[in-house]
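The values are calculated or read from the model by the stated rules, or taken from the named source; none is laboratory data. In this text the structure is predicted, and so the values were computed from the model without any measurement. Glycine also receives a Cβ, built like all others from the backbone with ideal geometry; neighbour counts cover every protein chain displayed.
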C-alpha cells in the first residue's frame, strides 16, 4: 500500500470566467523510502500540489489517500491529527517559532502530540545531536545561521517520525553548499528510517538527493525520471541499508 | 502548550509590561474603590456600633441621625422603661453644627451631649487627652483635628459658645463630618432641646425578642419608631451605599473595560505579529483547541500577573496612604479579592476572543508562501 496516493486530483481557484485550474488531473503514488523531487517553473502548480498532498488544501476533484484513508471527507480536526502523526513539513523560510530555542522548536510537534515537556525536550536533543546541532540547543532562531535553522526544521519535521516529509523550496534561502548538505542529511536520515520525502524546488542540484524527479507544467505532471540518489541508504551506523 | 504561551509572552517584554501594567491599574482602581466603599461604610457606622444599645428609639419618620430630625419628650424614658423586656433606657442628644475655626477652616461636627450622671454620649475611644468633657470643653475626632489643624487646648467658637479642645477621640469620623463630645449642659445650649432629646438608646433583658420589644414601643407610644442597632447602623450608612455604589459601578465598568482592552490589544498585537507562526503550528498539526489554549494562557498569565501586581499595590496603598490622607479608609477583604480575581479571569477570557478569531481565520496553506 502506498503511503500517499493521489488519483486524478484537480484544483480550481475562483469560478466562472475567472476560474484558474492550478492542478489538472494529477495522479501520484508515494511509497515508503521514496525521495521525490517535483520541479517546474513558477506558477506550474508545485506549491498547490504539495499543499494538497500535505492536507493543507482540499482538492476540487479527485481523491487523495494517506495511509490508505481517503482524506476528502475528513474533518479539520482529523486532518490536523493526520498531519501531526503522518506528515512532517519543511518550508522555504524555515518558519521556526522565534520565541523558542532550537531544542524547543524541535520538541514542538512532540508536545502537540501530548508528550510532556521533559521527554519531548530530551528527544529533541537527541534529534538535534544527530543533525550535528548538539552545541546549539539553547540558541534562538535569530542566532542561528540559515543552514542551522533548516537543520532545526529537519529535526522538527522528523520529531514525530512521520511517514512522509514535505519540503517546499527547502534550499531557496541557503547557499548551494549548505543547501546540499542539509538536504543530503534530510534524505539520508529519512531514507535510513524508511520515510518518504517530497521536495518541491527549482533547484536542479537536488536531483542528486532524489530518487524520482517529476516535472510539473501548467498543473499537469509531464515527465518522471530517476534522480541521482544512491539506490541504498546509509544506516545510522554508517553502513548501507538495502 | 504552556511553553509556547510563556515564551511568546516574555519575548516582547515591553508589551508584557504594558499588558500587566494595564491590568494592574484596573485592579488597583477596582480594589481601592471597593476598599474605600467598605472602609467608609464601616466608618459611618463605627460610632453607632460603639454605643451600648440593643434598640434605638426615635420620632416616627426619622431614619437616621443625620437627615430628618427626631425630637422626643424626656418623659418617654420612663414609659419605655415600664414596657416588658426593657433593661435600661437612656436619652441620646446630638445635632450637626457647622462653624469656622480661627484659621477660617470650615468644620462640620455632630455634637453629642455627654451626660456624666447617666454615662451617655461618650466617645468610642480616646486617642489623646481627656476622655470626658467638663463644662466649656469639647473632645473632637482625631482625623478632623488633623485635617483642620485643631490641637489640644485650642479654642473653638461654636454657635456662640467658646469650647476648649481637651481630647482627641477615635472612631468618630464619618467622612463628611465627625462626632464631637461636649458636656450635657453646654450641648443643650447648642441643641436647644428643653425637656426633650433626640433618641433613646434601649438595652433589653436577656432572652427578650427585639422585634417584640419594638412592637411594644410602637404600640404604646404613638408617633414613635424603634429599630435594632443593626438596622440603625444600616440606615445611617445608607447614604454611602446610595451615593457611592453607582460611582463604584461606573468605575468598575471602566476598570474592567480598560483591563480587558489592554490585555486584548496586547495579545491581539502579539498574535498578528506571529500570525505566520500560528499558521505553522496549524500546518504541523496543532488543533484549534490547542491554539486557542495558547492564546488564553497568554491572556491568563498577563491577567493574573496584573492581578497580583495590582493587589500588592492596592494593599500597599491601603497600608500607607491613610497615614497621609486620613479620609483614605480602605478595607479590602478576602471576598473582594475573590471576586476581583474572578473578574480578572473573566477579563482575560474576554480579551482572548479577538485574537482567537484572528487565529481561526489563518489558512495553514499560507505558510508555503515565501
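Tabulated data
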quantity: Yes/no for residue B:226 being more than 14 Å from chain A (Cβ to nearest Cβ), in a helix (DSSP H, G or I) and over 30 Å from residue A:106 (Cα atoms); calculated: no
quantity: Selection within segment B:56-96 - over 22 Å from residue B:184 (Cβ atoms), in contact with a helix residue (DSSP H, G or I) (Cβ under 7 Å, 6 or more places away or on another chain) and assigned to a loop (DSSP other than H, G, I, E, B); calculated: B:63, B:64, B:83, B:84, B:85
quantity: Search result, residues across segment B:342-370 that are within 14 Å of another protein chain (Cβ to nearest Cβ) and either touching a residue at least 60 places away in the same chain (Cβ under 8 Å) or assigned to a helix (DSSP H, G or I) (or both); calculated: B:359, B:360, B:362, B:363, B:364, B:365, B:366, B:367, B:368
quantity: Qualifying residue in segment B:269-284 (condition: away from chain A (no Cβ under 14 Å), within 42 Å of the chain's Cα centre (by Cα) and assigned to a helix (DSSP H, G or I)); calculated: yes
quantity: Top-ranked residue of segment B:185-201 - restricted to ones that are touching a residue at least 12 places away in the same chain (Cβ under 8 Å) and more than 32 Å from the chain's Cα centre (by Cα), ranked as farthest from residue B:40 (Cα to Cα); calculated: B:195
quantity: Some residue of segment A:95-110 being surrounded by fewer than 20 Cβ atoms within 10 Å (Cβ to Cβ), farther than 17 Å from residue A:190 by Cβ and within 19 Å of the chain's Cα centre (by Cα); calculated: no
quantity: Meets criteria (buried (at least 19 other Cβ atoms within 10 Å of the Cβ), in a helix (DSSP H, G or I), out of contact with any strand residue (DSSP E or B) (no Cβ under 9 Å at 6 or more places or on another chain) and within 14 Å of chain A (Cβ to nearest Cβ)) for residue B:41; calculated: no
quantity: Every residue from segment A:75-94 that is assigned to a loop (DSSP other than H, G, I, E, B) and crowded, with 23+ Cβ neighbours inside 10 Å; calculated: A:91
quantity: Single residue of A:27, A:72 found to be in a loop (DSSP other than H, G, I, E, B) and either more than 14 Å from chain B (Cβ to nearest Cβ) or more than 18 Å from residue A:3 (Cα to Cα) (or both); calculated: A:72
quantity: Segment B:108-130, residues that are in contact with a helix residue (DSSP H, G or I) (Cβ under 7 Å, 6 or more places away or on another chain) and farther than 18 Å from residue B:184 by Cβ; calculated: B:124, B:127
quantity: Failed condition for residue B:53, given (1) outside any loop (DSSP other than H, G, I, E, B); (2) more than 14 Å from chain A (Cβ to nearest Cβ); (3) surrounded by 20 or more Cβ atoms within 10 Å (Cβ to Cβ); (4) touching a helix residue (DSSP H, G or I) at 6+ places or on another chain (Cβ under 7 Å); calculated: (1)
quantity: Segment B:7-20, residues that are surrounded by fewer than 19 Cβ atoms within 10 Å (Cβ to Cβ) and at the interface with chain A (Cβ under 8 Å from one of its Cβ atoms); calculated: B:7, B:10, B:11
quantity: Unique residue being modelled with pLDDT of 90 or more and either over 21 Å from residue B:309 (Cα atoms) or within 14 Å of chain A (Cβ to nearest Cβ) (or both) when the list is B:4, B:27; calculated: B:4
quantity: Search result, residues across segment B:308-336 that are closer than 29 Å to residue B:295 by Cα and either in a loop (DSSP other than H, G, I, E, B) or in contact (Cβ under 8 Å) with a residue 60 or more places away in the chain (or both); calculated: B:309, B:310, B:311, B:313, B:314, B:336
quantity: Verdict on residue B:177 being within 18 Å of residue B:105 (Cβ to Cβ) and over 29 Å from the mean Cα position of the chain (by Cα); calculated: no
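Quick grid of which residues meet (1) surrounded by 15 or more Cβ atoms within 10 Å (Cβ to Cβ); (2) modelled with pLDDT under 90; (3) not assigned by TED's automatic domain parsing to the domain that holds residue B:296:
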{"position": "B:221", "(1), (2), (3)": "yes, no, yes"}
{"position": "B:232", "(1), (2), (3)": "yes, no, yes"}
{"position": "B:235", "(1), (2), (3)": "yes, no, yes"}
{"position": "B:249", "(1), (2), (3)": "no, yes, no"}
{"position": "B:264", "(1), (2), (3)": "yes, no, no"}
{"position": "B:267", "(1), (2), (3)": "yes, no, no"}
{"position": "B:271", "(1), (2), (3)": "yes, no, no"}
{"position": "B:277", "(1), (2), (3)": "yes, no, no"}
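Residue by residue, here is whether (1) within 14 Å of chain B (Cβ to nearest Cβ); (2) out of contact with any helix residue (DSSP H, G or I) (no Cβ under 8 Å at 6 or more places or on another chain) holds:
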position: A:1; (1), (2): no, yes
position: A:14; (1), (2): no, yes
position: A:35; (1), (2): no, no
position: A:59; (1), (2): yes, no
position: A:86; (1), (2): yes, yes
position: A:95; (1), (2): yes, no
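Yes or no, residue by residue, for (1) at the interface with chain B (Cβ under 10 Å from one of its Cβ atoms); (2) within 30 Å of residue A:43 (Cα to Cα); (3) crowded, with 21+ Cβ neighbours inside 10 Å:
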position	(1), (2), (3)
A:138	no, no, no
A:158	no, yes, yes
A:167	no, yes, yes
A:181	no, yes, no
